[in-house]
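Here is the structure we will look at.
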Amino acid sequence: MNNWTKVYSTDQLYQAEIVKMKLEEYFPSVIIDKADSSYNNFGEKEIYVDRKNVIRALKIIEDEVRFE
């Protein structure tokens, strides 16, 4: 994962899954769950993409992802 960069972070798993699904329409992405299971999954879920896709990923998240 040396070439992977974090493009999104949330404490809500459903939001992380939505972002990942949207990005997967264009290129691979992965969720890294930093939650501590001993504390009811308190913690961040982070989305990573290959660094060559970072700018495009941020634009996709900004333009195409909505949670309301």
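Average accessible surface for the chain: 70 Å² per residue, computed with a 1.4 Å probe over protein heavy atoms with every protein chain in place. Evaluate the relative contact order of the chain (contact order divided by residue number), counting alpha-carbon pairs under 8 angstrom at least 6 apart; express in whole percent. The value is 41 percent.
The alpha carbons of the chain occupy a box of 35, 33, 14 Å along the principal axes, longest dimension given first.
Taking all protein chains together and a 1.4 Å probe, the residues Glu46, Glu25, Glu68 rank Glu68, Glu25, Glu46 from largest to smallest accessible area. As I understand it, the value is the acute angle between the Cα axis of helix 54-64 and the longest principal axis of the Cα atoms of the chain; what does it come to in degrees, rounded to 10? So the inclination is approximately 80 degrees.
The values are calculated or read from the model by the stated rules, or taken from the named source; none is laboratory data. Computed from a prediction, not measured in an experiment: that's the story for all the values here. Surface areas here come from the heavy atoms of the whole protein model, side chains and all, with no ligands, DNA or RNA. Shrake-Rupley method; radii C 1.70, N 1.55, O 1.52, S 1.80 Å.
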